[in-house]
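The values are calculated or read from the model by the stated rules, or taken from the named source; none is laboratory data. This one's a predicted model, so the numbers in the text were calculated from it and none came from an experiment. Cβ coordinates were reconstructed from backbone atoms using ideal geometry, including for glycine residues, and neighbour counts include every protein chain displayed. SASA here: full protein model, heavy atoms, side chains in, ligands and nucleic acids out. Shrake-Rupley method; radii C 1.70, N 1.55, O 1.52, S 1.80 Å.
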Amino acid sequence: MIPYGRQTINAQDLHAVAEVLASDWLTQGPKVVEFEQQLARACAAPYAVSMANGTAALHATCAALGLTRNDWLWTSPISFVASANCARYLGAQVDFVDIDPVSRNMCPEQLAIKLAQAKLAHRLPKIVVVVHFAGYPCELKQFAELAEQYGFALVEDAAHAIGSVYGDLPIGSCQYSRATCFSFHPVKNLTTGEGGAVTTQDVQLADKIRLFCSHGITKNSADFILGRDEPWAYEQQSLGFNYRLTDIQAALGISQLDQLNQFVERRQLLFDRYQTQLEDTALQLPAMTPGQRVAWHIYSVRLTNADLRLTVFNQLRAAGIGVNVHYIPIHLQPYYRQLGFKPGDFPAAEHYYSGALTLPLFPGLTLGEQDQVIAKLREFLCA
Ligand SMILES: *Cc1c(COP(=O)(O)O)cnc(C)c1O
């Protein structure tokens with residue numbers, strides 16, 4: 001089976017991990033520090049904090065921004081459930097803003113309309129999480145203007161987008177947002193096995209996130225509340241979690257970051273081949289971005305005849321092609337329906353989902369395999 005996504009691991013990665021296993025530190029040693037420094041540099045952000053996974057990154061960011069049970073968090077319905085769950089962990093309410101059918105990201109105009117209504121109802125969100133779907137950057141400048149006008153914190157879920165560029169800066173620079181959350185799960189653009197990180201320009205936010213991911217404990221005597229001076233002193237100052245990344249994972253991350261440019265270029269080459277060779281089919285293809293670097297994370301198309309999706313999906317799977325669907329709209333999950341959401345709430349998201357199909361895209365996909373995917377898809381679409 002050709003999978004829809006897959007990690008790329010080379011000899012350098014294997015060596016990096018083996019070296020840590022033979023060293024003094026398996027977790028929270030020098031590799032975590034080095035990984036955070038290199039990630040910050042790659043994102044052109046002053047601070048990066050690593051953690052156990054992308055979900056923890058979103059959870060820690062929301063907690064550090066002060067989200068509580070009286071607050072609202074809004075996000076896109078076309079995302080992985082973690083983009084919304086982060087609010088629920090803190091007891092906060094979730095709502096969604098419909099997508100732009102072309103970019104498949106949260107629609108800034110829809111957000112503006114919803115904010116104007118929420119202001120009248122005194123129910124403005126504290127946090128809006130925008131998701132760079134498939135790696136395609138959101139309209140950050142427009143979102144930042146709305147954040148300024150309505151006083152919410154803009155957070156980027158960049159689980160798909162490490163390596164993408166918005167304007168002149170890499171995603172993760174936080175030029176327009178309070179924080180950017182990454183995931184390094186094996187299907188993402190680079191991996192640490194499981195892993196995540198937050199970048200920010202706000203040192204206090206970075207410190208709060210770090211504390212949250214490490215039990216709420218600090219060992220830095222300058223920060224002590226009780227002013228202890230014993231050499232062994234540490235203080236638990238708030239309730240945190242054990243969300244830390246290991247040195248084993250960080251070493252893999254450093255080695256993978258080193259290859260990020262090659263990964264992105266390969267993804268772009270494969271993306272361009274799909275675009276050219278599927279142009280004349282009854283598929284809605286991803287929007288192109290002339291002159292903008294997109295680290296295409298998934299190649300997700302929409303069958304204009306949604307009735308064919310199930311058959312084409314089954315035929316491709318039977319032919320050994322591991323297609324997938326990104327995503328079942330979050331508000332249609334049983335957990336969110338029980339909170340009051342229902343079909344019809346976000347029509348653009350539901351319309352996109354009805355025909356969505358993700359084709360294989362990962363650096364190790366050979367051109368021959370891709371040709372096979374394209375040939376089979378064309379055959380089944382015309383059948
Ligand atoms: C993968 C993903 C996450 C969660 O990341 P994990 O590392 O799996 O916890 C969050 N948001 C989006 C959009 C994702 O694709």
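Straight-line reach from residue 114: taking Cα to Cα under 19 Å and skipping same-chain neighbours fewer than 8 places apart, the lysines in range are 126, 141, 342.
Between residue 366 and residue 149, what is the FRET efficiency for a Förster distance of 45 Å, r being their Cβ-Cβ separation, to the nearest 0.05?
On the way: r = 49 Å, r/R0 = 1.08.
It comes to 0.40.
Show me the three semi-axes of the equivalent ellipsoid for the stretch 37-189, from the C-alpha gyration tensor (sqrt of 5 times each eigenvalue), largest first, rounded to whole Å. Don't skip to the answer; put the middle values down first.
Details: eigenvalues 104, 60, 41 Å².
Rounded to whole Å, the semi-axes are 23, 17, 14.
Our note on the geometry: Cα centres of the stretch 130-155 and the stretch 313-371, 24 Å apart. For the stretch 185-212 versus the stretch 268-284, the spacing of their alpha-carbon centroids is 33 Å. Percent of C-alpha pairs per 10 Å bin in the chain, short distances first: 5, 23, 31, 25, 12, 3, 1, 0.
Please compute the net charge surrounding residue 334, taking Lys and Arg as +1 and Asp and Glu as -1 over other residues with Cβ under 14 Å from its Cβ. Kindly include the intermediate steps, with their values, before the conclusion.
Numbers: positive: 88, 337, 342; negative: none.
With Lys, Arg at +1 and Asp, Glu at -1, the neighbours total +3.
Each peptide in 164-177, 49-62 was scored by the mean count of other Cβ atoms within 10 Å over its residues; highest first, the order is 49-62, 164-177.
Give me the Kirkwood hydrodynamic radius of the stretch 186-333 in Å, from all C-alpha pairs, to one decimal place? Spell out each step's value before the answer.
Details: mean 1/r = 0.0499 Å⁻¹.
Roughly 20.0 Å, rounded to one decimal.
With the charge dipole of the stretch 237-383 set up from +1 on Lys and Arg Cβ and -1 on Asp and Glu Cβ about the Cα centre, the Cα lying farthest toward the positive end among the listed residues 305, 243, 370 is that of 243. Seen from all directions on average, the stretch 301-383 presents a Cα convex hull projection of 6.4 nm².
About its Cα centre, the dipole of the stretch 204-347 is roughly 420 debye, where the only charges are +1 on Lys and Arg Cβ and -1 on Asp and Glu Cβ. Considering only 227, 270, 203, and ranking their Cα positions along the charge dipole of the stretch 200-283 that arises from unit charges at the beta-carbon of Lys, Arg, Asp and Glu, the one farthest toward the positive end is 227. Packing, as the average of other Cβ atoms within 10 Å across residues, places the peptides 70-77, 26-33 in the order 70-77, 26-33, highest first. Counting only residues at least eight positions apart within a chain, or on another chain, the lysines with an alpha carbon under 22 Å from that of residue 188 are 31.
Beta carbons within 10 angstrom, averaged per residue: use that to sort the peptides 353-362, 2-11, highest first.
Working: 353-362: 21.4, 2-11: 16.9.
Ranked by mean Cβ neighbours within 10 Å, highest first: 353-362, 2-11.
For the stretch 1-158, a crude dipole built from +1 on the beta carbon of Lys and Arg and -1 on the beta carbon of Asp and Glu, taken about the Cα centre, is about 400 debye to the nearest 20.
Ignoring ligands, DNA and RNA, please state the percent of accessible area on the chain from carbon and sulfur, probe 1.4 Å. Intermediate values should be presented prior to the final figure.
Numbers: 8820 of 16810 Å².
Solvent-exposed carbon and sulfur of the chain make up 52 percent of the total.
Tell me, what is the per residue accessible area of the stretch 2-137 in Å², probe radius 1.4 Å? Kindly include the intermediate steps, with their values, before the conclusion.
Values: 5690 Å² over 136 residues.
Heavy-atom accessible area per residue stands at 42 Å².
Magnitude of the Cβ-charge dipole of the chain, K/R +1 and D/E -1, about the Cα centre, nearest 20 debye?
Details: 29 positive and 35 negative charges, 160 e Å.
That gives a dipole near 760 debye.
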